[in-house]
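**Student:** Dropping the structure in here first, questions after.
The values are calculated or read from the model by the stated rules, or taken from the named source; none is laboratory data. No experiment lies behind these values; they were computed from the predicted model shown. Cβ atoms come from the backbone with ideal geometry, glycine included; neighbour counts cover every protein chain shown.
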Protein chains: 2
Amino acid sequence: MEQSFLAYLRGRTRSLPSVAVGIGDDAAVLDLPGSAAALDQSKPRDSSSDESASETPASPSLQQVACTDQIIDGVDFCSDSQPLASIGYKSIAINLSDIAAMGATPTAALVTLALPAHNATEIAGEVYEGILEACGQYGVAIAGGDLSTYDGPLSISVTLLGTVTGPWLRSGAQEGDVIFVTGSLGGSLAGRHLRPVPRIELAIRLRQYATVNAAIDISDGFSLDLDRMLASSRVGAELDIEQIPISDAAHTMSKDSGRSPLEHAWSDGEDFELIFTVNETDAAKIEQLSADELTTTVTRVGNVVGRTGLWKRVPGSKLERVFPQGYVHGETDE
Amino acid sequence: MEQSFLAYLRGRTRSLPSVAVGIGDDAAVLDLPGSAAALDQSKPRDSSSDESASETPASPSLQQVACTDQIIDGVDFCSDSQPLASIGYKSIAINLSDIAAMGATPTAALVTLALPAHNATEIAGEVYEGILEACGQYGVAIAGGDLSTYDGPLSISVTLLGTVTGPWLRSGAQEGDVIFVTGSLGGSLAGRHLRPVPRIELAIRLRQYATVNAAIDISDGFSLDLDRMLASSRVGAELDIEQIPISDAAHTMSKDSGRSPLEHAWSDGEDFELIFTVNETDAAKIEQLSADELTTTVTRVGNVVGRTGLWKRVPGSKLERVFPQGYVHGETDE
């Protein structure tokens, strides 16, 4: 139900006050009162006598980002086979991945637990071990939260706050941009998905070298999330499919799954890597940096083109259309 | 489990980055990077050559507030007997009450629903009717959220963001302060609790006339929340018990409950009124304002005193100690 309900909601919220970026990106972006962005909106357009009028275009000002993600036992994880501390860790990491996809710096988390009444305190303690570990690792404060016990499965809902100057949006990809992806893809469910590495540090470093035009994190599958980002930007992509970085886990999984390693990389969810686009000049700069300097490898996988859809480059031949695949929320739900 | 777990958590989060006000108040308070408060912390204490050094004490700067509250079917409400739209409305209103208790202005909400798989879309639609109504009424944007379907009861988790200059803390009550309470108390469960009036507008108007030293909203009972606020401030109160404003609903309920109207006002939860303290000068100013000017009645119920605990003034007699009563989270669980 998720996609269609979100569309309904976007319509219904039009009469409410709006935020700079609302429902539909990795995180929301809010102007801060008194910031340049907020003042820009409130001052008359024709004022030209003040000092700041010479700064054209206005340099982006500090904004707030906020995102929220809930994971539930039996739906998003399985407490019988996965350590509760890892699940707690993951609940923070997946939200950090959304913050990274905005090019933002995380500041604080609000953590809400719904706990099975039986063993509530023990469960909360174990989950918090992982939450505290992840928050410690990425410099995130725990600003608050809520705890309830009830007759239901463990549910963890995290809201993460951060700040950003010039957020990376899904909608900013430009024709001609180079498309990069971080790390290597596929096979996350073999284990990596419990301890994903949110690309917070990479995002911070990338900002020093390049202007990222668009970004998204891979939660539902490389091709599906790439397609979402491009659709938001009303563009398409020509892909060098053989360049897609395939993880070792995808190769291993492929032995039993009946699917090729590339198919895993193309469609497996929970990679929590970033896809981002930059112009050719910045792409060249990025390619001169080592994985150490960027904290991880980044791989050029294609270009943004005006024609919508995903297109595979075939040497000496015409382009072939390829189709996104991945985990679509709600399709397996009733 | 809630109080003891929060104590544990406060200890464990000490190694993490901190926020200006963290776990334990109605909402968290975060400094904004680049704000005067954040700059004050980062600049050397002895710098005296810059222009702002003449502003002593530094005027409070804009900060961000954030709070979160979760309500679950069968624990906090009953979907069999209560309209889903009202429950949605309440999920926003109880968070707005926390924002009001900080003296803050709400900006945006993130709304997370865990939905029973059966009828998920219909339930989400009805809940959102109330959410949208409350957000519209109080000028709150819906910045984002999450939706899941699962094998469990309806759960609504809301994070509310806002801004404030000089937040009202539980810990700020001063000896000699006058204690006020808004509206009238008790009997909320007869119906008012589903459509509580968060005192957002009152808080905004109050700021124009008075310096509020401490505030809390009544979620678990007047005497219990008053006691919490005073304990945070390490002070106590002398109360004119007969001044406590008793609601009509408390009188009505009293007929069947075997408890006096005053007992209802003293201990009933979910009033969502504010208790606040100001000095005598500001108290006199407030008492000259009409209920219209403040949006609701405010009633002087006693004074802050250095001796901890709640004390009842008895004319022509010594003070009598009285004890807080109300809803203590976790006591009825397990």
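**Student:** Run A:Gly187 past the list (1) more than 14 Å from chain B (Cβ to nearest Cβ); (2) buried (at least 23 other Cβ atoms within 10 Å of the Cβ); (3) within 16 Å of the chain's Cα centre (by Cα) and report the number of the one that doesn't hold.
**Tutor:** (3)
**Student:** Being in contact with a Cys (Cβ under 8 Å, 6 or more places away or on another chain), buried (at least 24 other Cβ atoms within 10 Å of the Cβ) and among the aliphatic types (A, V, I, L, M) is the filter here; which residues of the range B:128-150 pass it?
**Tutor:** B:Ile142
**Student:** Something else now. When both residues are 6+ apart or on different chains and their Cβ atoms are under 6 Å apart, which pairs have a first residue that lies in the range B:1-12 and is at the interface with chain A (Cβ under 7 Å from one of its Cβ atoms), and a second that is surrounded by 15 or more Cβ atoms within 10 Å (Cβ to Cβ) and at pLDDT below 85?
**Tutor:** Between residues of the range B:1-12 that are at the interface with chain A (Cβ under 7 Å from one of its Cβ atoms) and residues that are surrounded by 15 or more Cβ atoms within 10 Å (Cβ to Cβ) and at pLDDT below 85, the close pairs are B:Met1/B:Gly330; B:Glu2/B:His329; B:Glu2/B:Gly330.
**Student:** Keeping to the range A:199-216, report how many residues are under 24 Å from A:Ala231 (Cα atoms) and touching a Phe, Trp or Tyr at 6+ places or on another chain (Cβ under 6 Å).
**Tutor:** Going through the range A:199-216 one residue at a time, the tally reaches 2.
**Student:** On to the next question. Among all residue pairs at least 6 apart or on different chains, which show Cβ distances below 9 Å where the first residue, located in the range B:133-162, is over 29 Å from A:Pro153 (Cα atoms) and the second is of a type in the set (Asp, Glu) and surrounded by fewer than 20 Cβ atoms within 10 Å (Cβ to Cβ)?
**Tutor:** That search, which allows pairs on different chains as well, returns B:Tyr138/B:Glu201.
**Student:** Taking the range B:70-100 as the region of interest, how many residues are free of Cβ contacts under 8 Å to residues at least 12 places away in the same chain, charged (D, E, K, R) and more than 8 Å from every other protein chain (Cβ to nearest Cβ)?
**Tutor:** Residues that pass the stated criteria total 1.
**Student:** Which residues, counting only those in the range A:66-114, are within 18 Å of A:Ser188 (Cα to Cα) and touching a Lys or Arg at 6+ places or on another chain (Cβ under 8 Å)?
**Tutor:** A:Ile71, A:Phe77, A:Ser86, A:Tyr89, A:Lys90, A:Ala93, A:Ser97
**Student:** Here is a follow-up. Does B:Leu132 satisfy the criteria of being in contact with a Lys or Arg (Cβ under 7 Å, 6 or more places away or on another chain) and within 12 Å of chain A (Cβ to nearest Cβ)?
**Tutor:** Spelling it out, B:Leu132 is indeed in contact with a Lys or Arg (Cβ under 7 Å, 6 or more places away or on another chain) and within 12 Å of chain A (Cβ to nearest Cβ).
**Student:** Can you find even one residue in the range A:102-121 that is touching a helix residue (DSSP H, G or I) at 6+ places or on another chain (Cβ under 9 Å), outside the structural domain of A:Asp220 (by TED's automatic domain parsing) and closer than 30 Å to A:Leu262 by Cα?
**Tutor:** There is at least one residue in the range A:102-121 that is touching a helix residue (DSSP H, G or I) at 6+ places or on another chain (Cβ under 9 Å), outside the structural domain of A:Asp220 (by TED's automatic domain parsing) and closer than 30 Å to A:Leu262 by Cα.
**Student:** Would you check if B:Ala114 is within 10 Å of another protein chain (Cβ to nearest Cβ), hydrophobic (A, V, I, L, M, F, W, C) and over 21 Å from the mean Cα position of the chain (by Cα)?
**Tutor:** Yes: the conditions hold for B:Ala114.
**Student:** To continue, here is another question. So, of the residues in the range A:190-218 that are within 20 Å of A:Trp311 (Cα to Cα) and in contact (Cβ under 8 Å) with a residue 60 or more places away in the chain, which turns out to be surrounded by the most Cβ atoms within 10 Å (Cβ to Cβ)?
**Tutor:** This residue is A:Ala215.
**Student:** Quickly run through the range B:176-224 and pick out the residues that are touching a Leu at 6+ places or on another chain (Cβ under 8 Å), over 20 Å from B:Leu96 (Cβ atoms) and either outside the structural domain of B:Ala284 (by TED's automatic domain parsing) or not small (Gly, Ala, Ser) (or both).
**Tutor:** Scanning the range B:176-224 gives B:Ile179, B:Tyr209.
**Student:** Confirm whether A:Asp177 is among the charged types (D, E, K, R), over 16 Å from the mean Cα position of the chain (by Cα), at pLDDT 95 or above and under 28 Å from A:Ala231 (Cβ atoms).
**Tutor:** Against the criterion (among the charged types (D, E, K, R), over 16 Å from the mean Cα position of the chain (by Cα), at pLDDT 95 or above and under 28 Å from A:Ala231 (Cβ atoms)), A:Asp177 qualifies.
**Student:** So, one more: Quick check, is B:Asp98 under 22 Å from the mean Cα position of the chain (by Cα), acidic (Asp, Glu) and modelled with pLDDT under 95?
**Tutor:** no
**Student:** Quickly run through the range A:4-56 and pick out the residues that are at pLDDT 85 or above, among the hydrophobic types (A, V, I, L, M, F, W, C) and in a loop (DSSP other than H, G, I, E, B).
**Tutor:** A:Leu16, A:Val19, A:Ala20, A:Ala27
**Student:** Filter the range B:101-111 down to residues that are within 16 Å of the chain's Cα centre (by Cα), within 11 Å of chain A (Cβ to nearest Cβ) and crowded, with 24+ Cβ neighbours inside 10 Å, then give me how many there are.
**Tutor:** 1
**Student:** If you scan the range B:11-30, which residues turn out to be within 20 Å of the chain's Cα centre (by Cα) and either closer than 18 Å to A:Cys135 by Cβ or of a type in the set (A, V, I, L, M) (or both)?
**Tutor:** Selection gives B:Val19, B:Ala20, B:Val21, B:Gly22, B:Ile23, B:Gly24, B:Ala27, B:Ala28, B:Val29, B:Leu30.
**Student:** With the structure loaded, tell me whether B:Ser247 is assigned by TED's automatic domain parsing to the domain that holds B:Gln174, at pLDDT 95 or above and more than 17 Å from B:Asp225 (Cβ to Cβ) or whether it fails that test.
**Tutor:** no
**Student:** Given the conditions (1) more than 13 Å from B:Gly183 (Cα to Cα); (2) touching a residue at least 60 places away in the same chain (Cβ under 8 Å), report the number of the one that B:Ala284 does not fulfil.
**Tutor:** Every condition holds for B:Ala284 apart from (2).
**Student:** Condition first: buried (at least 24 other Cβ atoms within 10 Å of the Cβ) and among the aliphatic types (A, V, I, L, M). Now tell me which residues in the range A:158-175 satisfy that.
**Tutor:** Within the range A:158-175, A:Val158, A:Leu160, A:Leu161, A:Leu169, A:Ala173 meet the criteria.
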